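Read-outs throughout are calculated quantities, based only on the coordinates presented, and are distinct from any laboratory measurement. Keep in mind the model is a prediction, meaning the values are calculated, not measured. No Cβ is skipped: glycine too gets one built from the backbone with ideal geometry, and neighbour counts run over all protein chains shown.
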Amino acid sequence: MKLSIITICYNQPDIEETCEAIVNQSFQDFEWIVVDGGSTDDTVKKLEKYKSRINVLISEKDEGRYDAMNKGIKLAKGEWLTFVNGGDRPAENAYQKLFENKDYDADILYCYLNMQRVSGEQVLCTFPQVIDKEYLLNNSIGHPSSFIRRELFDKYGLYEKQYQCISDWGKWICFFVNGCKFELVPEVAAIYKDDGITFSVSKKVQEQNLNDRKEIVSKYYQDSELKNLVPYEKTRFRLLGFIPFIKIFKYLNKTKFFLFEIPLLTVKK
């Protein structure tokens, strides 16, 4: 089997948009694993409409999004894994463009991503041709528009669920430092709906997010690699792993996208 699509969700009002986009893909050489966190609304009822196409449907309490993703990974049998969570959706015919009659040498494929704002406007997020360690220090790539070889999770472990917001970013760095090959496929593979994750503005949550980030950086970067880093000015920042932190900062600030202040680190120019 070529592909495993993993969808996690919890009380997701837009779950049918996700489902429709998946079942209507022209390329169907995939299994679909849905991990619901024990929804108390009608999410599961909506999912049951698609049970003839869903290969595995779990609905039970979990320990957060990365715990749910890990459940899906453990069940997956495809060569490639992709994560299309509730509210997000694959672009039209994305999987046919990526996988029909195509083979890759890479371990991770990453594609462009459209971010859909609450207003309905879509903003294109692009990523560089070459991913390196410096880029990953302050940036990430699109999780729902990326495809990871299943075997990498066996070699390098599952998502670390103690990082409630940025474990996927940490895993990209983990893959890179272990020599995994990233390849850009310049196609829009997914639409991320920007209305599903809102972080508390409490001081405690801000500090935890920053501490998690510092812990990941200290795990994968030597002091010598950080010598040119300086504290970035305090920015009103919404922590979304796939968005390039620095490149679109000015745009997001203008549109009032940021929710709270958090100090970042960036490379001195």
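Would region 90-202 count as rounded, prolate or oblate if I go by the C-alpha gyration tensor, calling it rounded below 1.5 in a/c and otherwise prolate when a/b exceeds b/c, oblate otherwise? Here region 90-202 falls in the oblate category.
In terms of distances greater than 26 angstrom between alpha carbons, the cross-link table entries Lys2/Lys61; Lys74/Lys204; Lys45/Lys204; Lys171/Lys214; Lys77/Lys181; Lys77/Lys155 yield Lys2/Lys61; Lys74/Lys204; Lys45/Lys204. Summing charges over all other residues whose Cβ lies under 9 Å from the Cβ of Ile22, with Lys and Arg as +1 and Asp and Glu as -1, gives +1. Give me the aspartates and glutamates in straight-line cross-link reach of Lys161: C-alpha distance below 16 Å, same-chain residues under 8 apart excluded. Lys161 reaches Asp62, Glu63, Asp67, Asp212, Glu215. Summing Cβ point charges (Lys, Arg +1; Asp, Glu -1) relative to the Cα centre of region 3-193 gives a dipole of roughly 220 debye.
Counted by Cβ distance under 14 Å from Asp41, the other residues give a net charge of -3, where Lys and Arg count +1 and Asp and Glu count -1.
Among Thr7, Thr82, sorting on how many other beta-carbon atoms sit within 10 Å of each Cβ, with the fewest leading, yields Thr82, Thr7. Length gained on full extension, Met1 to Leu57, computed as 0.36 nm times the residue gap minus the Cα-Cα distance: 18.3 nm. Only residues of region 10-50 count here: report those whose backbone N is under 18 Å from the spot 7 Å along Cα→Cβ of Gln96, or say none. Flagged as within label range: 20-31.
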